[in-house]
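The values are calculated or read from the model by the stated rules, or taken from the named source; none is laboratory data. Every value quoted in this text rests on a predicted model; they were computed, and no experiment measured them. FYI the Cβ positions are ideal-geometry reconstructions off the backbone, even for glycines, and counts take in every protein chain you see.
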Amino acid sequence: MDHADSGATSEESGGEDPLAEPRRAYVETKSKGTPARPGRYAQNADSVLTEFTGWITVEYGVTELEDIETRHMRAYVRELKSKWRRDEFAASTCRTYFRTVRAWLAWCVKNGWIATNPAENDAAAEDLPRDSTKENDSRQVWSDQSRHDLLMWVRGRTESAYESPMCPPELRLRRTRDRALVTVLARTGVRGAEVFRDPGNSRRDGLTWERVDLAEGTIEVWGKSQDWEYVPFPESAHAPLRQWKRELRPTSEDWPVFPSLSGNSLSAAIRKSRNGTVPDHQVDRAVERQGYLLGYLDLAREHDCAPSAMSTTAARNTMQRLCEAAGVEEDGEYLKPHGGRRKLGDELYRENPALAQKALRHADITVTQESYSYIDQGEVGDEIDRIQADDES
């Protein structure tokens, strides 16, 4: 079959990059789905392939399908594995992404777009993280003690900033932000990339205030399903977030809940505001008067321009800094953002596996059971001990 018959032509594509045409053609062939789940695979495939083609173009300058080589696929595996190591992707997600790209390339071979599949060689996928119970068990879970210690430390640090004599405004701002950040990670079960900006995924540009509903006790995030999902937001997390919002004073609900507080990021945001370019002399005067952080934030409010959200890397660095300052660790490491999610899942699973599935937003209970199989096996071990209690051997 000639690929010209399998999707839109280059003329119909309006001059898009050459990778867009075979990607769209593949998605269209998969969009029929089944009566029960129409188009779900196509939706997920479109997201994965769009991210892959964007990555390979930016990193390697590849814009033609026939230029994709096995070395690029090996590099893509390394990219996926780095996301896994940073707790942004589960091992199963890495393998799903790679399989999706490999299936697309196989379809391209079948339909005459390319001669060979650069992802077909098993060597390209040999370094993907294994989706095994042993590996899942080795990933960090916050302990009761470490979570309690860090929450109490950021709370005490924030409260002291408002005691007489009061800390400088910039210090109060940062401490209040830090407490809200730790609380959200500890209490809600969100993934870091659902709250913070993921530089590798344009759809994940950080949680905004308009998606926080304290009255309903939910926040809305762009989830792993590649769709909007509601996350439970318990009352224990409300007060720190309210205090942070009062301190931040966002001028609109499209501000990120956790904006980047770096000078470069804030400067870039306010120099290109909704109301036009902010004059350099106005920026310089504000910074000279209040310091870069407070000055930039005041200008962002004045010109009604939302800063960019804190990145996932910045969030991890913040957690590492806070843990080092508080003297809190988990098996010699700082408390990683995803460890808070796994801790919440651990607690809920011990009480009610179905509740854990709902809170963690797993599509199927088997995913939850696999993630926390060590709990079930531990309980089985206890039963074995009970049954064999009278065995003297």
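Some observations on this one:
- Considering only residues in the stretch 195-227 that are assigned to a loop (DSSP other than H, G, I, E, B) and of a type in the set (A, V, I, L, M), the one that is farthest from S252 (Cα to Cα) turns out to be A215.
- Residues of the stretch 320-362 that turn out to be small (G, A, S), free of Cβ contacts under 8 Å to residues at least 24 places away in the same chain and closer than 19 Å to R139 by Cα, as a count: 2
- Breaking point among (1) surrounded by 15 or more Cβ atoms within 10 Å (Cβ to Cβ); (2) out of contact with any Leu (no Cβ under 9 Å at 6 or more places or on another chain); (3) farther than 19 Å from E194 by Cβ, for N264: (1)
- Residues in the stretch 198-211 that are modelled with pLDDT of 95 or more and buried (at least 21 other Cβ atoms within 10 Å of the Cβ): 2 in all.
- Conditions (1) modelled with pLDDT under 90; (2) within 22 Å of P199 (Cα to Cα); number of the one not met by L294: (2)
- When the stretch 103-139 is filtered for residues that are modelled with pLDDT of 80 or more, under 17 Å from D67 (Cβ atoms) and of a type in the set (A, V, I, L, M), the ones remaining, listed by number, are L105, V109, I114, A115, A119.
- Taken together, the residues in the stretch 348-372 that are crowded, with 17+ Cβ neighbours inside 10 Å and either under 18 Å from Y230 (Cβ atoms) or hydroxyl-bearing (S, T, Y) (or both) amount to 11.
- Number of positions in the stretch 288-334 that are surrounded by 16 or more Cβ atoms within 10 Å (Cβ to Cβ), assigned to a helix (DSSP H, G or I) and of a type in the set (S, T, N, Q): 3
- Boolean, L248 is closer than 27 Å to A193 by Cβ and either aromatic (F, W, Y) or at pLDDT 95 or above (or both): yes
- Contact annotation: residue pairs with Cβ atoms under 8 Å, 6 or more positions apart or on different chains, pairing a residue in the stretch 226-247 that is closer than 12 Å to V184 by Cβ with a partner that is among the β-branched types (V, I, T) and surrounded by fewer than 18 Cβ atoms within 10 Å (Cβ to Cβ), are V231/T218; P232/T218; F233/T218.
- Some residue of the stretch 240-256 being out of contact with any Pro (no Cβ under 6 Å at 6 or more places or on another chain), assigned to a loop (DSSP other than H, G, I, E, B) and within 26 Å of D87 (Cα to Cα): yes
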